[in-house]
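What follows is one structure encoded as structure tokens, with my remarks underneath.
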Amino acid sequence: MTVLVTGGAGYIGSHMVWELLDAGESVVVLDRLSTGFEWAVAPEAKLVVGDVADRDLVGRIIRENKVDAIIHFAGSIVVPESVADPLGYYENNTCKTRTLIETAVREGVPHF
């Protein structure tokens, strides 16, 4: 199975990547590296730097890697920032997630 892990260069996402690899899965990480780190991604995983709302990029990742499942960790989590910029957090955490789901459905990803 090939799993796309969004936010896979962050703390929680990178640990999920290690667990998936330990379980024998193939992993592709999509992260814009705004708070994550390239060094946090396991070398056995394929890292793509980009945004989950980029429909063309996500579609290409799904098709080229024959993605079977998506685990979504990409999101903004800093509470003071969310209070200062609620619309930015809504855009990043809600609207972009919807775009990711729509792309997954369009591309026929069976598990999200």
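Bear in mind that the values in this text are calculations on the coordinates, not laboratory data. These numbers come from a predicted model, not from an experiment. Methodologically, a virtual Cβ is constructed for each residue, glycine included, from the backbone with ideal geometry; neighbour enumeration extends over all protein chains shown.
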Exercise. List pairs: first in region 37-58 and without any contact (Cβ under 8 Å) to a residue 40 or more places away in the chain and closer than 26 Å to residue 105 by Cα, second of a type in the set (Asp, Glu) and in a loop (DSSP other than H, G, I, E, B), Cβ under 8 Å, 6+ apart or cross-chain?
Worked result: 57/51
Exercise. When residue 66 is evaluated against the numbered criteria (1) more than 12 Å from the chain's Cα centre (by Cα); (2) at negative phi, which criterion, by number, is the only one it fails?
Worked result: (2)
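Hey, can you tell me all the residues within region 83-112 that are among the β-branched types (Val, Ile, Thr) and either surrounded by fewer than 12 Cβ atoms within 10 Å (Cβ to Cβ) or in a helix (DSSP H, G or I) (or both)? Can you show your working first?
To start, the set of residues in region 83-112 that are among the β-branched types (Val, Ile, Thr) comprises 83, 94, 97, 99, 101, 103, 105, 109.
Answer for region 83-112, where residues must be among the β-branched types (Val, Ile, Thr) and either surrounded by fewer than 12 Cβ atoms within 10 Å (Cβ to Cβ) or in a helix (DSSP H, G or I) (or both): 83, 94, 97, 99, 101, 103, 105.
Matching residues to (1) among the hydrophobic types (A, V, I, L, M, F, W, C); (2) within 18 Å of residue 7 (Cβ to Cβ); (3) in a strand (DSSP E or B):
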position: 27; (1), (2), (3): yes, yes, yes
position: 35; (1), (2), (3): no, yes, no
position: 47; (1), (2), (3): yes, yes, yes
position: 59; (1), (2), (3): no, no, no
position: 62; (1), (2), (3): yes, yes, no
position: 75; (1), (2), (3): no, yes, no
position: 81; (1), (2), (3): no, yes, no
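Is it the case that residue 30 is among the aliphatic types (A, V, I, L, M) and touching a Leu at 6+ places or on another chain (Cβ under 7 Å)?
Details: among the aliphatic types (A, V, I, L, M): yes; touching a Leu at 6+ places or on another chain (Cβ under 7 Å): yes.
In short, yes.
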Seminar exercise, completed: Residue hits (region 1-34; in contact (Cβ under 8 Å) with a residue 40 or more places away in the chain and closer than 18 Å to residue 76 by Cα) are 5, 6, 7, 8, 10, 12, 13, 16, 30, 31, 32
